[in-house]
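> Attaching a single structure in structure tokens format; questions to follow.
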Amino acid sequence: MKQAAQGITSGRRFSTVLMVTIITLVTLSVILILTVVNRHFNLRMEREFEKKIKAQSGQVEIIIRNRIAEIQNVLQDLGSDNTVRVTMMLGAKPQLYQRITDNYPSGSGVYHFVQKYGESSIFPEGYPEFSLQLTRQALKDLPYGETVADGSGKTLLWVFTSPIMNTNRRMGTAYALYSPIKDQQLIDAVHAAVEGDILIIEENFSQLLTSGKKPTFGLPV
């Protein structure tokens, strides 16, 4: 009788150990499966996110390249404008100013100027968005995607040039001063094409393009 009781007790212990072992193995299997599945989905999401970022980066690059090409094409038209050449040759400054402002209006971040060869004066002399001092400095230094001080802070500038020729003689230079931060056309195109914003970063300067705000995650401002 005692041996039978011991056998029953041993059987119960074995059953308990077996049940605990099975539950443990099942639990570990579930945890392992969940870990593998979670890792799979995380890696998949990371790959999809990277693909999306690369695709959107490519879209933004195309938008910026097209915008710059558009600016350069207009500038070449200004440099080859026969009326501009004639008025520069005759020194007809009022007519030169009128021709530029009427046919090559500035705005949306792009500002046009011409300068006669050998002279320091530029036409027009400035725009409300930029001081004459900043304009002269930019046309002298020819920044290309560089930050410059504009009195109230800093802005990002490109300067494009095109020669104004009379046969084989250079009469002057046509300029396009371009600030993407002030370019609503570019901002609208980027905003329509991609999600989020573009972060412009240079030494001691950073700004979100489409919102115009400063980043808030510890980058230089």
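The values are calculated or read from the model by the stated rules, or taken from the named source; none is laboratory data. Note that the coordinates shown come from a computational prediction; the quantities given were computed from them, not determined experimentally. Ideal geometry is used to build each Cβ from the backbone, glycine not excepted, and the neighbour counts take in all protein chains shown. Please note that ligands, DNA and RNA were not included when accessible areas were found on the heavy atoms of the full protein model with its side chains. Shrake-Rupley method; radii C 1.70, N 1.55, O 1.52, S 1.80 Å.
> List the strands (runs of 3 or more DSSP E) inside segment 82-172, counting only whole elements, that have at least 1 residues being at positive phi, open to solvent by less than 30 Å² (accessible area, probe 1.4 Å) and at pLDDT below 85. Spell out how you get there, then give the answer.
On the way: elements: 110-116, 144-149, 154-166.
Of the strands (runs of 3 or more DSSP E) lying wholly inside segment 82-172, those with at least 1 residues that are at positive phi, open to solvent by less than 30 Å² (accessible area, probe 1.4 Å) and at pLDDT below 85 span 144-149.
> Need pairs with beta-carbon distance below 8 Å; first residue more than 18 Å from TYR175 (Cα to Cα) and within segment 89-105, second open to solvent by 80 Å² or more (accessible area, probe 1.4 Å) and modelled with pLDDT under 85; sequence gap 6+ or separate chains.
As it stands, the answer is none, since no pair meets every condition given.
> Also, I was wondering about something else. Residues being among the β-branched types (Val, Ile, Thr) and under 34 Å from the mean Cα position of the chain (by Cα): count how many of those fall in segment 85-117. Give the derivation first.
The initial filter retains those residues of segment 85-117 that are among the β-branched types (Val, Ile, Thr), namely 86-87, 100-101, 110, 114.
Filter again for under 34 Å from the mean Cα position of the chain (by Cα), leaving 100-101, 110, 114.
The qualifying residues number 4.
> Identify all residues within segment 153-177 that are out of contact with any strand residue (DSSP E or B) (no Cβ under 6 Å at 6 or more places or on another chain) and within 15 Å of LYS116 (Cα to Cα); write none if there are none.
The first filter runs over segment 153-177 and keeps only residues out of contact with any strand residue (DSSP E or B) (no Cβ under 6 Å at 6 or more places or on another chain), leaving 153, 155, 165-169.
Answer for segment 153-177, where residues must be out of contact with any strand residue (DSSP E or B) (no Cβ under 6 Å at 6 or more places or on another chain) and within 15 Å of LYS116 (Cα to Cα): MET165, ASN166, ARG169.
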